[in-house]
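First the structure, in the form of structure tokens, and then the observations on it.
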Amino acid sequence: MFEKVLILRRGEAATRVARTCRRMGVESIVVAPKDEPASRHVEAADGSIDVDFDEADAIPADLLPSILERAGADAAHLGYQGQPEMFELASAAEKADVAVVGTDLDVLGALTDPTTIRAAADRANVRTVDDAPGLYRPRELSVLVAADAHGETAAIAECDRSLSSEGHTLIHETPSPELLFRSDGEAFRMALFDCARRVAAQLRYAGLLEVAFYVDPTGLSWVSDVKIGLPRHHTLIEMVTGTDLVALQLRIASGEKIPEELESTQARGHALDASILALDQQDAAVSSYSVAPAPQGRVRATSSATVGLPLPADDRPLIAKLTTHAPIRHRALLSMDRMLAEMRAEPFATNVDTLRRILGDYAFRAGQYDSESAARFAVA
């Protein structure tokens, strides 16, 4: 296992990774703007490196070599998947001979070419969206897969991510209502898991992969995308499986095998994850942020909002993620609505009203929604 991990993101991702590092006895180091008040991720880590840049900006790429040298870390964690600067961060870490957690430079570069996913799916004998012209109102599901350097893979859980707007998934949930309410739901889940594992095996990546599918009303599915790294919505998967996904990342990156028990992990209960977004004044300083008290283990509120500071550039326009977990879907839904009703984040206009409108919609409560439903829910 690593001794010291440099977290090359700020905001909520850095806070999340630092928390697991501390639990595992691994020292965590983060990057902080020089001469500015400490934000949440600085307080969560064991140490920080002061760099001369603005709190509202991303970490300057030209400073990465000196940051890596000053840290003296044997690993660098790149935060959440899909961040635009990830390629530069991974490249700088590899040049400094530092182990990279959360991505692989070769695979990351290959996945920028859509033909890579198509070729991997073809080798795995799995259909892609290129084989589905005229696909009408599909559900969007993703399967999180763990793969290690020893050739083993394990499918962990699926998420329904159909409710997206302007590039942001408003609500994730697991298990997907598409599978929850089908008579053959468990068999369908196992088929999706198998497809995801076969595609992951073809990419030869050690870490976490999210294989996304379109699923049509007849139950046919097609691979639409693959992303590597820790999903921002990982909290709901952790809550239903009891698996610390950051710890799993660190173990795989240090060369360990996937734990045998991961293969037999069964999801328990139902979890919802909502993204609270700032709709205006994204660069404004946070004047207040609060969430309602909630039972430990049933609700998780994650945010990098620090009163007196702007939202970190790594997170904008995201203010917070709320995740609720309960034995049944309806209770998780009601808990989420209560948390949203009592949440405060100023001075921003937010999408909380839209989220609550979705939660109160009869179609959503019945699990009947697809990739075009978010627009309808937003104006209903």
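The values are calculated or read from the model by the stated rules, or taken from the named source; none is laboratory data. Note that the structure is a prediction, hence the values are computed from the model and not measured. Because the Cβ atoms are built from the backbone with ideal geometry, glycine has one as well, and the counts that use them run over all protein chains shown.
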query = Is it the case that residue 176 is under 16 Å from the mean Cα position of the chain (by Cα), under 17 Å from residue 212 (Cβ atoms), buried (at least 22 other Cβ atoms within 10 Å of the Cβ) and hydroxyl-bearing (Ser, Thr, Tyr)?
reply = no
key: First in segment 347-358 and over 20 Å from residue 308 (Cβ atoms), second anywhere and surrounded by 15 or more Cβ atoms within 10 Å (Cβ to Cβ) and among the β-branched types (Val, Ile, Thr), Cβ under 9 Å, 6 or more apart   = 351/276; 352/276; 355/171; 355/276; 358/171
message = The conditions are (1) within 23 Å of residue 289 (Cβ to Cβ); (2) part of a loop (DSSP other than H, G, I, E, B); (3) among the hydrophobic types (A, V, I, L, M, F, W, C), and residue 17 fails exactly one of them. Which is it?
response = (2)
message = For segment 241-293, give me the residue count where each residue is touching an Asp or Glu at 6+ places or on another chain (Cβ under 8 Å) and of a type in the set (Val, Ile, Thr).
response = 4
query = What pairs come up if the first residue lies in segment 293-321 and is under 18 Å from residue 31 (Cα atoms), the second is among the β-branched types (Val, Ile, Thr) and surrounded by 18 or more Cβ atoms within 10 Å (Cβ to Cβ), and their beta carbons are under 6 Å apart, counting only those six or more places apart or on different chains?
reply = 305/286; 305/319
ask   = Just for segment 182-223: of the residues that are free of Cβ contacts under 8 Å to residues at least 40 places away in the same chain and among the basic types (Lys, Arg), which one is surrounded by the most Cβ atoms within 10 Å (Cβ to Cβ)?
value = 189
request  = Answer yes if at least one residue in segment 275-297 is on the phi > 0 side of the Ramachandran plot, of a type in the set (Gly, Ala, Ser) and at pLDDT below 95, and no otherwise.
outcome  = yes
key: Qualifying residues in segment 267-286 (those that are more than 23 Å from residue 336 (Cα to Cα) and of a type in the set (S, T, N, Q)) - the one surrounded by the fewest Cβ atoms within 10 Å (Cβ to Cβ)   = 281
request  = Give segment 120-134 a look and list any residue that's touching a Ser or Thr at 6+ places or on another chain (Cβ under 9 Å), in a helix (DSSP H, G or I) and either without any contact (Cβ under 8 Å) to a residue 12 or more places away in the chain or basic (Lys, Arg) (or both), or say none.
outcome  = 122
